[in-house]
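Just below is one structure, and these are the notes that go with it.
All of the numbers you see were taken from the coordinates with simple rules; none came from a lab. Quick caveat: nothing in here was measured; it's all calculated off a predicted structure. Here Cβ is always computed from backbone atoms with ideal geometry, including for glycine, and neighbour counts include all displayed protein chains.
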């Protein structure tokens, strides 16, 4: 597979030398490939937190002479999987404070250790960017809209990880290996997980219930974990970019759910690996197709907003009477609501929702028009995409 340009590249290139570029995201989302593409043709020192020798060198660097030795005559110092390096935030601070012309680039697949250590020790010296598996916009830019639309059923089963696109015939095998050996690597090594199998059980329960309202109490009962452990594990999973927790939106109605949550996977291929099901999209039950489409749309919509350098608050909406809207988005105070359905027919917003939020644009998303809401200019019906 030829190199697929990432939409965050201009953002990374714009970071001044006075700050370290910190690139965070789930493992194997393409962080290292992107950074190596950025430093191609430039003199660079490359270190990895997965290499014991590199960890030893970087952990021991405290004096100015030791730090200058790391930089040497290089234009760039690249530190990959930096969350595995003790006190990495302090190391970044010291490298930046040397005020050389050398650019510092750091990647990490976990925000729990890396981001915390950086923000405490290197405050004001970093610029943080997040990288997810390929967005559907990036795939359209590289291939074409018709090609991506044709491949959509595969994307809904195998997802958008680079290793899936790189070896499509081995997608199932590689996703299972990824789930079994990579997904929990940072969680187990960087946090105190006393019952790892129960964490894996929790992930599988979540995978079987995407799109459903979940409670900490029910997850506690289903896993045998304490409620506190469930909350801690879900936080770890989100901080390692494996899941995204979507809160409920409540403002105007007394019977709105105010503290409920839905949980989605960062990539539907990872979700399907968790439940060991790679059956073709069109062979699945309508219910299963619907939840995959919903997970895919919500995560891709989040990528689109982030990559457009915009900020949006994102929720779902539900009442105690089980009236529901899948996704509510406030981008620059422009409210939009989305209902994801398999069928082409438009649906109306719940009457109570329309009365409570008359200013809210309402859109019906299905497998035929989904790219209109995820790809710039991808209108198929003559209307402007949302």
Treating the angle as unsigned and between 0 and 90°, give the value, to the nearest 10°, between the Cα long axis of helix 171-181 and the longest Cα principal axis of the chain. 60 degrees
Quick one: 84, 271, fewest Cβ neighbours within 10 Å first, how do they rank? 84, 271
Cα convex hull of the range 9-130 - mean projected area over all directions, nm²: 6.5 nm²
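Going by C-beta contacts inside 10 Å, put 100, 228 in order with the fewest on the left.
228, 100
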Taking Rh as the Kirkwood radius computed over alpha-carbon pairs of the range 202-292 and applying Stokes-Einstein at 10 °C with viscosity 1.306 mPa s, one gets a diffusion coefficient in µm² s⁻¹ of 111 µm²/s
Computed lengthening from residue 182 to residue 167, 0.36 nm per intervening residue step minus Cα-Cα distance: 3.6 nm
Show me 153-164, 359-370 ranked by packing, highest mean number of other Cβ atoms within 10 Å first. 153-164, 359-370
Sum -39500 (n - 2.57) across every DSSP H segment of at least 4 residues in the chain, then divide by the residue count to get the 222 nm mean residue ellipticity, nearest 500. -11500 deg cm²/dmol
For residue 144, put the label point 7 Å out on the Cα→Cβ axis and report which residues of the range 1-15 keep their amide N under 20 Å from it. 1-5
Could you compute the FRET efficiency for residue 69 and residue 127, with r as their C-beta to C-beta distance and R0 at 30 Å, rounded to 0.05? 0.75
Rank-order 45-53, 192-200 by packing density, defined as the average count of other C-beta atoms within 10 Å over each peptide's residues, highest first. 45-53, 192-200
Relative to the first principal axis of the alpha-carbon coordinates of the chain, what is the inclination of helix 286-307, with its axis defined by its Cα atoms, in degrees from 0 to 90 and to the nearest 10? 50 degrees
Expected unfolding gain across residue 277-residue 197 under the 0.36 nm per residue rule, minus the alpha-carbon gap, is 26.8 nm
Most packed first (mean Cβ within 10 Å per residue), the peptides 334-344, 14-24 order as 14-24, 334-344
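Please compute the contact order of the range 49-141 in relative form: average sequence separation of alpha-carbon pairs under 8 Å and at least six residues apart, divided by the residue count, as a percent.
Numbers: 92 pairs, mean separation 26.4, N = 93.
Computed over the range 49-141, the figure is 28 percent.
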